[in-house]
1. For residue 238 and residue 300, FRET efficiency with R0 = 25 Å and r from the beta-carbon atoms, rounded to 0.05?
2. List the relative contact order of the stretch 29-333 as a percent without decimals, with contacts defined as Cα pairs under 8 Å and 6+ residues apart.
3. So if we plug the beta-carbon distance of residue 44 and residue 179 into 1/(1 + (r/R0)^6) with R0 = 45 Å, what FRET efficiency do we get, rounded to 0.05?
4. If r is the Cβ-Cβ distance from residue 149 to residue 51 and R0 is 25 Å, what FRET efficiency results, to the nearest 0.05?
5. Give or take rounding to whole Å, what are the principal axis extents of the alpha carbon atoms in the stretch 221-291, in descending order?
6. Subtract the Cα-Cα distance of residue 280 and residue 141 from 0.36 nm times their separation in residues, and report this length gain in nm to one decimal.
7. Which entries in 104/163; 55/140; 163/284; 50/140; 140/245; 55/163 show an alpha-carbon gap greater than 25 Å?
8. State the extension gain, in nm to one decimal, for the chain segment bounded by residue 105 and residue 17, taking 0.36 nm per residue of separation less the distance between their alpha-carbons.
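Nothing in this text is a laboratory measurement; each read-out follows from the coordinates by a stated rule. Predicted model only: the values in this text are computed from it and were never measured. Quick reminder, even Gly has a Cβ in these numbers, built from the backbone with ideal geometry, and neighbours come from all protein chains shown.
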Amino acid sequence: MKEIHARRGRGAATNPINHFERFHCEEDIGALTDDERRSIPTQLFYDDSKSILSKNNSPDVPFTYSVNPYRGCEHGCSYCYARPTHEFLGFSAGLDFESRIVVKRRAPEVLADAFENASWHPQVIALSGNTDPYQPIERKLEISRRCLSVFLKHHNPVSIITKNHLVTRDLDLLRQLALHNLVTVTLSITSLNPDLTGKMEPRTSRPVARLATIEAMAGSGIPTGVNVAPVIPGLNDEEVPAILKAAAESGATYAGYLMVRLPGSTEEIFSEWIARAFPNRARKVLARIRSIHGGNLDDAKFVRRMRGVGPWARLTARLFSVTCTSVGLNRSVPVLSTEQFRRLPGGQLSLF
């Protein structure tokens, strides 16, 4: 059996075959030093596309358009449903997804062009719908921050979801957006156990920092929620009540959850990860995931894919609902304003 080495700061340990490519190279482990076997540096690739708004037609996703400044994500979450999208770029959904990051460096300028186009109808845009807009490289590049400036300039509403405390860097812009009812911020929290988080989501902010982020947002008057996602039966499902309670105590006012799903190559990556990280629990976890997806590790059917089916799925839904009511998280996500939108051709306000 091929030996698999854990990689420092990475969730995946291998690069599964890209099913869209006819040619595949495998790393020669024997030719690497011990440090090279463990360390995978991040590489940046630049995408100067002339469009930035991604349209979504899925009936179970609560937005039509999203802005994704980055493709690939350094966070390295072993379960990430976005991993297979890296295969469209000629990369692997494994280590490549975490270490080969495609950067849309002109995203703010292209977004401004879209808002200034007469065909744009103001509506809430998700930042971001695929990978985390506040992943580590954002600290240096500040592309998400510059996009927020564009949202503020045009008064177009934006919803943010992230796992990273880095979003607090942009509190100055977020406060201004909130004054006009133009922003919500949702923190994704999968566990309150820092050891589990470190294994499952190696380059994300730890639970204490995420709760501190909720507190900072709520304290600044920014509508803030929590997303318990994904719920993984047999691994973190028992933490749902504690996560919701901690988020409510930190200032969150709304909540959501998603059951884990493992599309495409994510199935192989997560299965390898759980066997390596939790060998004594791997079989149980995978069996329970199959039980909520009709015997598979994924279900592509709309709506059902997000909540699952069967006893474990129903138990989770009930537990989530009862806890939200008891801790005061049963409010709806705030409706953001689209009435204040303004076009600024040439960067100037109209006189009329």
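1. Approximately 0.35, to the nearest 0.05.
2. Numbers: 536 pairs, mean separation 49.0, N = 305.
Computed over the stretch 29-333, the figure is 16 percent.
3. Details: r = 35 Å, r/R0 = 0.77.
The pair residue 44/residue 179 has a calculated efficiency of 0.85.
4. Efficiency, from the Cβ-Cβ distance: 0.80.
5. Here the spans come out as 42, 24, 21 Å, largest first.
6. Numbers: separation 139, 0.36 × 139 = 50.04 nm, distance 4.08 nm.
Going from the current span to full extension adds 46.0 nm.
7. Working: 104/163 20 Å; 55/140 28 Å; 163/284 27 Å; 50/140 23 Å; 140/245 34 Å; 55/163 23 Å.
Exceeds cut-off: 55/140; 163/284; 140/245.
8. That pair, residue 105 and residue 17, stretches by 28.8 nm at full extension.
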